[in-house]
Amino acid sequence: ENITTHQHVSLPLSSQRCDDDDKPDNYCEIDQDNTQQEKPMKGVPNMGMTCYANSIFQILAQTQLFLSAIIPGEDMPFKPLTYSLCKVLKEINHKSENREVVRELLEEIANDSCFSSRRQDDCFEFLMHILERLKAENQQSTSMFEMTLQTVIEHDAGSVSHVDVCDTQLSFHLLVPFYQETKKDNPNVESCLNKMLNTVENFSGKELPCRFCSGTEAPKYQVSKHFEVSTAPDILILQIGRVEHMKRRTYSDLKKRNELVEYEHILHIDEVHWDEGIRTLKRNDYQLYGVVLHAGNIECGHYYCFVKHRNTSEWFYCNDLLVRQIHAREFLNDPNAYLLFYQKFKNIVSYK
(Lines give C-alpha, C1' and ligand atoms only; values in the text may rest on other atoms or scores of the structure.)
Protein backbone atom coordinates (compact mmCIF):
# COMPACT_ATOMS: atom_id res chain seq x y z
CA GLU A 1 0.00 0.00 0.00
CA ASN A 2 1.36 3.42 -0.95
CA ILE A 3 1.67 5.96 1.83
CA THR A 4 2.04 9.67 1.13
CA THR A 5 4.24 11.38 3.69
CA HIS A 6 3.50 14.65 5.47
CA GLN A 7 1.31 16.54 3.05
CA HIS A 8 0.14 19.89 4.38
CA VAL A 9 -1.53 23.07 3.20
CA SER A 10 0.57 26.22 3.26
CA LEU A 11 -1.36 29.17 4.66
CA PRO A 12 1.15 31.94 5.35
CA LEU A 13 0.59 34.69 7.91
CA SER A 14 3.21 37.43 7.92
CA SER A 15 5.59 38.11 10.79
CA GLN A 16 6.67 41.46 9.36
CA ARG A 17 6.29 44.46 11.66
CA CYS A 18 3.51 46.90 10.85
CA ASP A 19 4.14 50.57 10.31
CA ASP A 20 2.53 52.73 13.01
CA ASP A 21 -0.31 53.77 10.71
CA ASP A 22 -1.05 50.16 9.70
CA LYS A 23 -1.01 48.50 13.13
CA PRO A 24 -4.24 46.75 14.10
CA ASP A 25 -5.89 47.59 17.41
CA ASN A 26 -4.84 44.27 18.94
CA TYR A 27 -1.21 44.50 17.74
CA CYS A 28 1.30 43.52 20.44
CA GLU A 29 4.54 45.41 20.85
CA ILE A 30 7.61 43.53 22.07
CA ASP A 31 8.53 44.46 25.63
CA GLN A 32 12.28 44.14 26.06
CA ASP A 33 12.05 44.66 29.83
CA ASN A 34 12.43 41.27 31.45
CA THR A 35 13.37 42.42 34.95
CA GLN A 36 10.46 40.72 36.68
CA GLN A 37 10.85 37.93 39.24
CA GLU A 38 12.71 34.82 38.16
CA LYS A 39 10.75 32.53 35.83
CA PRO A 40 11.25 28.80 35.18
CA MET A 41 11.81 29.59 31.49
CA LYS A 42 13.58 32.28 29.48
CA GLY A 43 12.56 34.53 26.59
CA VAL A 44 14.14 34.30 23.15
CA PRO A 45 15.71 37.37 21.50
CA ASN A 46 14.17 38.59 18.25
CA MET A 47 16.90 38.51 15.60
CA GLY A 48 14.88 40.60 13.15
CA MET A 49 11.31 39.50 12.33
CA THR A 50 11.94 36.09 13.95
CA CYS A 51 8.94 36.18 16.31
CA TYR A 52 7.45 33.30 14.27
CA ALA A 53 10.49 31.14 15.15
CA ASN A 54 10.63 32.23 18.81
CA SER A 55 7.04 31.14 19.42
CA ILE A 56 7.76 27.69 18.00
CA PHE A 57 10.95 27.36 20.07
CA GLN A 58 9.00 28.13 23.26
CA ILE A 59 6.38 25.47 22.50
CA LEU A 60 8.97 22.81 21.61
CA ALA A 61 10.94 23.60 24.78
CA GLN A 62 7.91 22.51 26.84
CA THR A 63 7.12 19.38 24.80
CA GLN A 64 8.69 16.70 27.02
CA LEU A 65 8.17 13.79 24.61
CA PHE A 66 9.98 15.76 21.92
CA LEU A 67 12.83 16.81 24.23
CA SER A 68 13.39 13.20 25.28
CA ALA A 69 13.53 12.09 21.64
CA ILE A 70 16.02 14.65 20.33
CA ILE A 71 18.58 14.61 23.15
CA PRO A 72 21.62 13.11 21.42
CA GLY A 73 23.05 9.92 22.91
CA GLU A 74 26.76 9.30 23.41
CA ASP A 75 27.01 7.05 20.35
CA MET A 76 24.72 9.11 18.13
CA PRO A 77 26.39 10.65 15.06
CA PHE A 78 26.43 14.43 14.79
CA LYS A 79 23.20 15.86 13.37
CA PRO A 80 23.50 19.62 12.69
CA LEU A 81 19.88 20.71 13.14
CA THR A 82 19.23 18.42 16.10
CA TYR A 83 22.38 19.68 17.81
CA SER A 84 21.63 23.39 17.22
CA LEU A 85 17.97 23.07 18.26
CA CYS A 86 18.89 21.22 21.47
CA LYS A 87 21.19 24.09 22.44
CA VAL A 88 18.43 26.69 22.03
CA LEU A 89 15.81 24.65 23.90
CA LYS A 90 18.33 24.08 26.69
CA GLU A 91 18.91 27.84 26.94
CA ILE A 92 15.15 28.42 27.33
CA ASN A 93 14.74 25.79 30.04
CA HIS A 94 17.91 26.68 31.92
CA LYS A 95 16.92 30.36 32.01
CA SER A 96 20.04 31.59 30.23
CA GLU A 97 20.21 33.92 27.25
CA ASN A 98 22.69 33.54 24.43
CA ARG A 99 21.96 35.37 21.20
CA GLU A 100 24.72 33.49 19.39
CA VAL A 101 23.04 30.14 20.05
CA VAL A 102 19.80 31.41 18.49
CA ARG A 103 21.70 32.94 15.58
CA GLU A 104 23.52 29.65 14.90
CA LEU A 105 20.24 27.73 14.82
CA LEU A 106 18.59 30.20 12.43
CA GLU A 107 21.63 30.06 10.16
CA GLU A 108 21.51 26.24 10.17
CA ILE A 109 17.83 26.31 9.22
CA ALA A 110 18.49 28.90 6.51
CA ASN A 111 21.11 26.66 4.86
CA ASP A 112 18.48 24.73 2.91
CA SER A 113 15.38 26.91 3.15
CA CYS A 114 14.04 30.43 2.66
CA PHE A 115 13.79 31.05 6.42
CA SER A 116 16.19 33.74 7.62
CA SER A 117 16.24 36.73 9.90
CA ARG A 118 14.87 40.08 8.74
CA ARG A 119 12.26 38.61 6.43
CA GLN A 120 8.62 37.84 7.10
CA ASP A 121 7.62 34.21 7.47
CA ASP A 122 4.83 31.97 8.69
CA CYS A 123 5.26 30.01 11.94
CA PHE A 124 3.32 26.98 10.64
CA GLU A 125 5.51 26.61 7.54
CA PHE A 126 8.56 27.08 9.78
CA LEU A 127 7.44 24.32 12.15
CA MET A 128 6.70 21.91 9.29
CA HIS A 129 10.15 22.56 7.80
CA ILE A 130 11.85 21.87 11.15
CA LEU A 131 9.94 18.63 11.68
CA GLU A 132 10.69 17.38 8.16
CA ARG A 133 14.41 18.07 8.59
CA LEU A 134 14.54 16.49 12.04
CA LYS A 135 12.79 13.39 10.69
CA ALA A 136 15.41 13.16 7.95
CA GLU A 137 18.14 13.26 10.61
CA ASN A 138 16.42 10.84 12.99
CA GLN A 139 13.22 8.94 12.16
CA GLN A 140 12.18 8.71 15.84
CA SER A 141 12.67 12.38 16.74
CA THR A 142 9.28 13.44 15.34
CA SER A 143 7.22 10.26 15.79
CA MET A 144 5.14 11.79 18.61
CA PHE A 145 3.68 14.34 16.13
CA GLU A 146 2.82 11.85 13.39
CA MET A 147 -0.73 10.76 12.64
CA THR A 148 -2.16 8.55 9.91
CA LEU A 149 -5.09 9.79 7.83
CA GLN A 150 -7.14 7.74 5.39
CA THR A 151 -9.92 8.08 2.85
CA VAL A 152 -12.80 5.62 3.16
CA ILE A 153 -15.03 4.83 0.17
CA GLU A 154 -18.17 2.82 0.86
CA HIS A 155 -20.06 1.11 -1.99
CA ASP A 156 -23.61 0.07 -1.10
CA ALA A 157 -26.03 -1.84 -3.32
CA GLY A 158 -28.44 -2.89 -0.58
CA SER A 159 -27.70 -6.60 -0.16
CA VAL A 160 -24.02 -6.18 -1.07
CA SER A 161 -21.58 -3.56 0.20
CA HIS A 162 -17.84 -2.99 0.02
CA VAL A 163 -15.51 -0.73 2.01
CA ASP A 164 -12.35 0.54 0.36
CA VAL A 165 -9.77 2.17 2.67
CA CYS A 166 -7.27 4.05 0.52
CA ASP A 167 -5.11 7.16 0.11
CA THR A 168 -3.30 6.67 3.42
CA GLN A 169 -1.22 9.68 4.46
CA LEU A 170 1.20 10.54 7.24
CA SER A 171 0.81 14.06 8.57
CA PHE A 172 2.15 16.29 11.34
CA HIS A 173 -1.06 18.32 11.71
CA LEU A 174 -4.76 18.76 11.06
CA LEU A 175 -6.20 21.86 9.43
CA VAL A 176 -9.29 23.20 11.23
CA PRO A 177 -11.71 24.67 8.66
CA PHE A 178 -14.28 27.33 9.53
CA TYR A 179 -17.78 25.89 10.05
CA GLN A 180 -20.22 28.35 11.60
CA GLU A 181 -23.70 27.03 12.37
CA THR A 182 -25.27 30.46 12.88
CA LYS A 183 -24.05 34.03 12.70
CA LYS A 184 -24.60 34.38 16.46
CA ASP A 185 -22.44 31.38 17.42
CA ASN A 186 -18.65 31.34 17.21
CA PRO A 187 -16.99 28.40 15.44
CA ASN A 188 -15.65 25.74 17.83
CA VAL A 189 -12.47 23.78 17.11
CA GLU A 190 -13.79 20.36 18.12
CA SER A 191 -17.11 20.76 16.31
CA CYS A 192 -15.31 22.04 13.18
CA LEU A 193 -13.01 19.00 13.24
CA ASN A 194 -15.91 16.61 13.74
CA LYS A 195 -17.83 18.18 10.90
CA MET A 196 -14.83 17.92 8.59
CA LEU A 197 -14.27 14.26 9.50
CA ASN A 198 -17.98 13.46 9.18
CA THR A 199 -18.55 15.26 5.88
CA VAL A 200 -19.64 12.69 3.31
CA GLU A 201 -19.42 13.11 -0.46
CA ASN A 202 -21.89 11.03 -2.47
CA PHE A 203 -21.31 9.59 -5.95
CA SER A 204 -22.90 7.10 -8.29
CA GLY A 205 -21.21 3.78 -8.99
CA LYS A 206 -20.47 5.01 -12.48
CA GLU A 207 -18.67 8.13 -11.19
CA LEU A 208 -16.60 6.20 -8.61
CA PRO A 209 -16.51 2.48 -9.54
CA CYS A 210 -15.81 -0.20 -6.97
CA ARG A 211 -12.37 -1.79 -7.32
CA PHE A 212 -13.74 -5.18 -6.26
CA CYS A 213 -16.66 -5.41 -8.70
CA SER A 214 -16.97 -5.93 -12.42
CA GLY A 215 -17.80 -3.06 -14.73
CA THR A 216 -21.43 -4.18 -15.12
CA GLU A 217 -22.07 -4.31 -11.37
CA ALA A 218 -20.35 -1.03 -10.41
CA PRO A 219 -23.02 1.43 -11.69
CA LYS A 220 -25.64 -0.16 -9.38
CA TYR A 221 -23.82 1.00 -6.26
CA GLN A 222 -24.42 4.19 -4.26
CA VAL A 223 -21.01 5.47 -3.22
CA SER A 224 -20.00 7.63 -0.24
CA LYS A 225 -16.57 9.01 0.50
CA HIS A 226 -15.22 10.51 3.75
CA PHE A 227 -12.01 11.26 5.63
CA GLU A 228 -10.83 9.61 8.89
CA VAL A 229 -7.99 9.57 11.44
CA SER A 230 -6.67 6.01 11.59
CA THR A 231 -3.75 6.61 13.98
CA ALA A 232 -3.91 9.54 16.42
CA PRO A 233 -0.63 11.19 17.47
CA ASP A 234 0.72 11.63 20.99
CA ILE A 235 1.12 15.36 20.28
CA LEU A 236 -1.67 16.86 18.17
CA ILE A 237 -0.98 20.04 16.17
CA LEU A 238 -4.02 21.94 14.91
CA GLN A 239 -3.80 24.81 12.42
CA ILE A 240 -6.80 27.13 12.43
CA GLY A 241 -7.61 27.96 8.81
CA ARG A 242 -7.43 31.72 9.08
CA VAL A 243 -6.45 32.44 5.47
CA GLU A 244 -9.15 32.51 2.81
CA HIS A 245 -9.07 33.21 -0.90
CA MET A 246 -11.10 36.25 -1.94
CA LYS A 247 -12.22 35.73 -5.52
CA ARG A 248 -12.05 38.81 -7.72
CA ARG A 249 -13.00 39.22 -11.35
CA THR A 250 -9.48 38.90 -12.67
CA TYR A 251 -7.47 37.56 -9.73
CA SER A 252 -7.61 35.82 -6.36
CA ASP A 253 -6.60 37.68 -3.22
CA LEU A 254 -5.72 36.43 0.27
CA LYS A 255 -7.36 37.67 3.44
CA LYS A 256 -6.89 36.76 7.10
CA ARG A 257 -10.01 35.79 9.04
CA ASN A 258 -9.96 37.37 12.50
CA GLU A 259 -13.12 35.78 13.91
CA LEU A 260 -12.97 34.08 17.29
CA VAL A 261 -12.64 30.31 17.00
CA GLU A 262 -13.39 28.82 20.39
CA TYR A 263 -11.06 26.13 21.69
CA GLU A 264 -11.22 24.24 24.96
CA HIS A 265 -8.68 22.85 27.38
CA ILE A 266 -9.82 19.27 26.58
CA LEU A 267 -10.25 17.85 23.07
CA HIS A 268 -11.43 14.46 21.82
CA ILE A 269 -10.39 12.76 18.57
CA ASP A 270 -11.78 9.41 17.39
CA GLU A 271 -9.36 6.92 15.90
CA VAL A 272 -11.08 4.71 13.29
CA HIS A 273 -10.13 1.10 12.50
CA TRP A 274 -11.62 -1.19 9.83
CA ASP A 275 -11.52 -4.98 9.93
CA GLU A 276 -13.34 -6.91 7.19
CA GLY A 277 -15.81 -4.08 6.71
CA ILE A 278 -16.45 -3.62 10.46
CA ARG A 279 -15.78 -0.11 11.79
CA THR A 280 -14.55 0.38 15.37
CA LEU A 281 -13.75 3.64 17.16
CA LYS A 282 -11.11 4.41 19.75
CA ARG A 283 -11.51 7.68 21.65
CA ASN A 284 -8.39 9.76 22.29
CA ASP A 285 -8.46 12.52 24.91
CA TYR A 286 -6.10 15.49 24.63
CA GLN A 287 -5.14 18.37 26.89
CA LEU A 288 -4.06 21.78 25.61
CA TYR A 289 -0.50 22.85 26.46
CA GLY A 290 0.41 25.48 23.86
CA VAL A 291 -1.13 28.19 21.67
CA VAL A 292 0.68 30.24 19.01
CA LEU A 293 -1.08 33.51 18.19
CA HIS A 294 -0.83 36.00 15.33
CA ALA A 295 -1.86 39.63 15.81
CA GLY A 296 -2.20 41.58 12.58
CA ASN A 297 -3.33 40.98 9.02
CA ILE A 298 -2.14 38.91 6.07
CA GLU A 299 0.66 41.36 5.22
CA CYS A 300 2.04 42.35 8.62
CA GLY A 301 1.76 41.33 12.24
CA HIS A 302 3.46 39.66 15.18
CA TYR A 303 3.63 36.17 16.69
CA TYR A 304 3.61 35.30 20.39
CA CYS A 305 2.47 32.27 22.40
CA PHE A 306 0.89 30.86 25.54
CA VAL A 307 2.55 27.70 26.84
CA LYS A 308 2.27 25.44 29.89
CA HIS A 309 5.55 24.65 31.64
CA ARG A 310 6.22 20.92 31.47
CA ASN A 311 7.27 20.64 35.15
CA THR A 312 5.20 23.19 37.06
CA SER A 313 2.04 23.12 34.85
CA GLU A 314 1.94 26.93 35.13
CA TRP A 315 0.93 28.84 32.01
CA PHE A 316 3.15 31.59 30.56
CA TYR A 317 2.79 34.36 28.01
CA CYS A 318 5.93 34.45 25.81
CA ASN A 319 6.55 37.42 23.55
CA ASP A 320 10.18 37.24 22.38
CA LEU A 321 12.22 38.27 25.46
CA LEU A 322 9.16 38.98 27.60
CA VAL A 323 7.95 36.03 29.68
CA ARG A 324 5.27 36.37 32.37
CA GLN A 325 2.96 33.97 34.15
CA ILE A 326 -0.73 34.20 33.26
CA HIS A 327 -3.84 33.28 35.21
CA ALA A 328 -5.74 30.04 34.73
CA ARG A 329 -7.84 29.89 31.55
CA GLU A 330 -6.47 33.23 30.31
CA PHE A 331 -5.02 31.23 27.42
CA LEU A 332 -8.43 30.03 26.21
CA ASN A 333 -10.49 31.40 23.31
CA ASP A 334 -8.16 34.15 22.18
CA PRO A 335 -9.26 35.54 18.78
CA ASN A 336 -5.62 35.65 17.62
CA ALA A 337 -5.07 31.88 18.07
CA TYR A 338 -3.45 30.26 15.01
CA LEU A 339 -1.77 26.99 16.12
CA LEU A 340 -2.98 24.76 18.95
CA PHE A 341 -0.86 22.06 20.61
CA TYR A 342 -2.53 19.20 22.50
CA GLN A 343 -0.99 16.27 24.36
CA LYS A 344 -2.67 12.88 24.73
CA PHE A 345 -3.79 12.15 28.30
CA LYS A 346 -1.78 8.96 28.81
CA ASN A 347 1.44 10.87 28.17
CA ILE A 348 0.73 13.71 30.61
CA VAL A 349 3.09 12.89 33.48
CA SER A 350 5.19 14.87 35.88
CA TYR A 351 8.87 15.24 34.92
CA LYS A 352 11.71 16.37 37.10
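Observations on the structure shown:
- Any hit, segment 98-119, residues being without any contact (Cβ under 8 Å) to a residue 12 or more places away in the chain, part of a helix (DSSP H, G or I), open to solvent by 40 Å² or more (accessible area, probe 1.4 Å) and at negative phi: yes
- Filtering segment 233-241 for residues that are closer than 27 Å to L13 by Cα, at pLDDT 90 or above, in contact with a Lys or Arg (Cβ under 9 Å, 6 or more places away or on another chain) and surrounded by fewer than 18 Cβ atoms within 10 Å (Cβ to Cβ) leaves an empty set.
- Given (1) over 18 Å from the mean Cα position of the chain (by Cα); (2) part of a strand (DSSP E or B); (3) in contact (Cβ under 8 Å) with a residue 40 or more places away in the chain, index of the condition A295 fails: (1)
- Residue in segment 38-47 that is modelled with pLDDT under 90 and among the small types (G, A, S) present: no
- Considering residues of segment 145-172 that are outside any strand (DSSP E or B) and open to solvent by 10 Å² or more (accessible area, probe 1.4 Å) only, the residue nearest to M49 (Cα to Cα): E146
- When L81 is tested against (1) part of a helix (DSSP H, G or I); (2) surrounded by fewer than 16 Cβ atoms within 10 Å (Cβ to Cβ), exactly one condition is not met: (2).
- Filtered by the rule that a residue be touching a residue at least 60 places away in the same chain (Cβ under 8 Å), open to solvent by less than 40 Å² (accessible area, probe 1.4 Å) and more than 17 Å from V291 (Cα to Cα), segment 260-271 gives a lone residue, I269.
- Filter result for L134 (out of contact with any helix residue (DSSP H, G or I) (no Cβ under 6 Å at 6 or more places or on another chain), modelled with pLDDT of 75 or more, at negative phi and crowded, with 17+ Cβ neighbours inside 10 Å): no
- Taken as a whole, the condition of being of a type in the set (D, E) and over 22 Å from M196 (Cα atoms) applies to D320.
Per-residue answers, yes or no, for (1) in contact with a strand residue (DSSP E or B) (Cβ under 9 Å, 6 or more places away or on another chain); (2) surrounded by fewer than 17 Cβ atoms within 10 Å (Cβ to Cβ); (3) without any contact (Cβ under 8 Å) to a residue 60 or more places away in the chain:
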residue: K282; (1), (2), (3): yes, yes, yes
residue: N311; (1), (2), (3): no, yes, no
residue: D320; (1), (2), (3): yes, no, no
residue: R324; (1), (2), (3): yes, yes, no
residue: H327; (1), (2), (3): yes, yes, yes
residue: A337; (1), (2), (3): yes, no, no
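The values are calculated or read from the model by the stated rules, or taken from the named source; none is laboratory data. Because the structure is a prediction, the values reported are computed rather than measured. A quick note on method: Cβ atoms are made from the backbone with ideal geometry, for glycine too, and the neighbour counts reach across all protein chains shown. Accessible surface is based on the protein model in full, side chains and every heavy atom, while ligands, DNA and RNA are left aside. Shrake-Rupley method; radii C 1.70, N 1.55, O 1.52, S 1.80 Å.
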